[in-house]
Each structure stands twice: as C-alpha cells, then as structure tokens.
Amino acid sequence: MSDDERQIRELVDTWMAASKAGDMATVLDLMTDDALLMTAGGEPFGKEEFRAASESMSGMDMDGRADVRELEVLGDWAWARTHIEMSMRPSGGEPIERSGYTLTILRRCADGKWRLFRDANLVS
C-alpha cells in the first residue's frame, strides 16, 4: 500500500470516528471548501449545507463502519468506492439503519493533505 493510499484510508477512518463523536470541525476539515456532495433524489450541496444538515442531527447517537473496497490514486487526485453501514438513533427513538456505497473523488491540497472534493452517497 502506498503512502497516499494509507493517508486516504486514514481520512475515511477519521471521518467515521469524528462523525460518531459529533466532531463536526474535524469532518469539515476533511473536505475542500468547494466540496460538492450528492445523494439519491436530491440536488447537489456544498460544505455549508452539509454542516447545517449535520448540526440538525446533533441529538442522534451514530455508529457505523466504512470499508474502502476500491481506491485509485492518480497524481494529486484519487477516487474511492466505499461501503458504509450506519445506525442512527434519535434521542428516545428507534435506530435507523442504513447501508450502501459512496463514490468519492479526493484532491491533495496545497498543504499536502488529502480532502474530499466530490462525493456521491448512495446509502439508503
């Protein structure tokens, strides 16, 4: 495994750990400022919309895992196909289970760090 592949896998692990912990600052730092995210049936949205949507779910307990199934690095760009399983439980409510794939385009930024640039989330 190359150093770039290791760094990208660590980014995915950090994203999941920060999401579970409710650490939105860490999650947002893993994205470029011009990140664009897509979900099935919805319009693409950016980093600020992601932050607002995530903050609206702040009372939920979240657990999950991400398994990178494919990863290709091409210079300062990379893509990853990842399978995600997650469970979210609203306070006092029943858990909501979701699973599926994401296809993510990552970019190595000027500081040398890999960040999410585009993400198509097909988790349902």
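A short reminder: the numbers here are calculations on the coordinates, not readings from a lab. Remember, predicted model here, so these are calculated numbers, not experimental data. Virtual Cβ from ideal backbone geometry, glycine too; neighbours counted across all protein chains shown.
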Fully extended contour minus Cα-Cα distance, from residue 48 to residue 65, at 0.36 nm per residue: 3.7 nm
Hey, quick one: spin label on residue 89, modelled 7 Å out along Cα-Cβ, who in region 40-79 has an amide N within reach, i.e. under 11 Å? 61-63
FRET E, pair residue 7, residue 34, Förster distance 25 Å, beta-carbon r, rounded to 0.05: 0.75
Note the direction-averaged projected area, equal to a quarter of the hull surface, for the Cα convex hull of region 1-101, in nm². 7.0 nm²
Stretched fully, the stretch from residue 25 through residue 98 gains (0.36 nm per residue minus C-alpha distance, one decimal, in nm) 23.9 nm
For region 84-119 and region 13-35, what is the centre-to-centre distance using only Cα atoms, to the nearest Å? 8 Å
